[in-house]
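Q: This structure is in structure tokens; I'll ask about it shortly.
Derivation of every value follows stated rules applied to the coordinates shown; laboratory data play no part. Just so it is clear, the model here is predicted, and its values are computed rather than measured. Note that we place each Cβ from the backbone using ideal geometry, even for glycine, and neighbour counts take in every protein chain shown.
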């Protein structure tokens with residue numbers, strides 16, 4: 001598994017937070033600092049999200065990246081589909097052909113493939129139920145419980 005979905009979800013959650021709480025867009029440098037990665041990585045993810053119609057950018061004061069549609073209409077599954085390759089799997093498969101001379105190896109590989117496909121579909125279904133708005137509200141509740149009334 002790679003971290004593109006995690007970075008993209010973090011980016012969208014941060015954008016939703018800044019739009020709702022501060023009425024502004026977010027720069028790629030701010031996003032990179034929040035995610036804990038390089039701004040180049042964030043810009044690459046933003047480009048994929050923009051291509052999928054999930055984010056847009058504004059120039060000028062209060063500019064930066066903004067959501068292209070309401071946070072309630074963006075699911076984490078949509079985010080996953082925006083940043084992952086069409087054939088990308090959540091769980092890595094055997095890197096090469098398993099030992100064909102071993103009678104057990106192909107059966108184990110087939111078993112694991114079936115199991116992983118089932119697990120991946122369950123994860124996709126879960127991601128489809130969670131919106132950026134829901135994630136943002138849940139994060140804000142956790143933030144308030146951690147820091148009390150100090151958080152807006």
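Q: Measuring from label point to label point, each 7 Å out along Cα→Cβ, what is the residue 57 to residue 114 span in nm?
A: Going from the residue 57 label point to the residue 114 one covers 4.8 nm.
Q: May I ask you to derive the FRET efficiency for residue 33 and residue 85 from their Cβ-Cβ distance with R0 = 22 Å, giving the value to the nearest 0.05?
A: Given R0 = 22 Å and the Cβ-Cβ separation, E is 0.20.
Q: While we're looking at this one, here's another question. With the crude spin-label approximation of a point 7 Å out along Cα→Cβ, what separation in nm comes out for residue 3 versus residue 43?
A: 1.9
Q: For each of 85, 138, count neighbouring Cβ atoms within 10 Å of the residue's Cβ, then give the residues from fewest to most.
A: The fewest-first ordering by Cβ neighbours comes to 85, 138.
Q: A further question follows. For region 1-71, just list the percent of Cα-Cα distances falling in each 10 Å bin from zero outward, please.
A: 22, 60, 17, 1
Q: Fully extended, how many nm does the chain gain between residue 123 and residue 22 (0.36 nm per residue separation, minus their Cα-Cα distance)?
A: Working: separation 101, 0.36 × 101 = 36.36 nm, distance 3.22 nm.
The residue 123-residue 22 span can extend by a further 33.1 nm.
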